[in-house]
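A short write-up of the structure that comes next.
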Amino acid sequence: MQVKILLPHQVFAELTDVSSLVIDTPSGSFGILPNRLDCITPLEPGILSYQTNNQDNHYIAIDEGIFVKTGKQVMISVRRAIKGNTLDELKKTVELEFLNLDQEQQELRSVLAKLETGFLKQFSALAKE
């Protein structure tokens, strides 16, 4: 199968010679083989694992998204994706990524709170006039 993983701002990966995929959906995990019927399904955050024709296993942590299979072509569109060679390596990378994301979100919340406060002060000053 030919697999293309898309992020909102770029193509994350284009994989060739994929012999099987395992995806997480709201209905559970599914194994996808090349001759499976065409399908479309939402994806839940989790680990996408795939095997290539040379029997190597690969892992990608993905966020929620959508999975589309038509013939031998597979399109996966997700918000975020992180690739790892082993599950242990992937776990460490995901933990670091989430720590960075948490810090960025805290900074963003702080900036938004300051903007909100400034807006309310200006609005109340206008209301008094």
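Here are the numbers for this structure:
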{"read-out": "Linear extension gain, VAL22 paired with ILE82, 0.36 nm per residue minus alpha-carbon span", "value": "20.0 nm"}
{"read-out": "Dipole of the chain, positive end: most advanced residue of LEU126, LEU96, HIS9 [Cβ charges, Cα centre]", "value": "LEU126"}
{"read-out": "Paired Rg and Dmax values of the chain, which use every Cα atom, in angstrom", "value": "20.6, 75"}
{"read-out": "Trypsin sites (Lys or Arg not before Pro) lying in DSSP loop within segment 1-104, provided at most 12 other Cβ fall within 10 Å", "value": "LYS72, ARG79"}
{"read-out": "Signed unit charges on C-beta, dipole axis of segment 1-85, positive-most listed residue TYR59, GLN73, SER19", "value": "GLN73"}
{"read-out": "Cα-based helix-to-principal-axis angle, 87-128 vs the chain, degrees rounded to 10", "value": "30"}
{"read-out": "Computed lengthening from GLU104 to ASN54, 0.36 nm per intervening residue step minus Cα-Cα distance", "value": "14.0 nm"}
{"read-out": "Magnitude of the charge dipole, the chain, Cβ model with Lys/Arg +1 and Asp/Glu -1, debye to 20", "value": "300"}
{"read-out": "Calculated from backbone phi, Karplus (6.51, -1.76, 1.60) coupling profile of segment 74-86 in Hz, x at Gly/Pro", "value": "10, 10, 10, 10, 9, 6, 9, 8, 9, 9, x, 7, 10"}
{"read-out": "Relative contact order [Cα under 8 Å, 6+ residues apart], the chain, whole percent", "value": "20"}
{"read-out": "The chain: calculated mean residue ellipticity at 222 nm from DSSP helix runs of at least 4, using -39500 (n - 2.57)", "value": "-12000 deg cm²/dmol"}
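Only the coordinates and a few stated rules stand behind these numbers; no lab work does. Everything numeric in this text was worked out from a predicted model, so none of it was measured. Cβ: placed from backbone, ideal geometry, glycine included. Neighbour counts: every protein chain shown.
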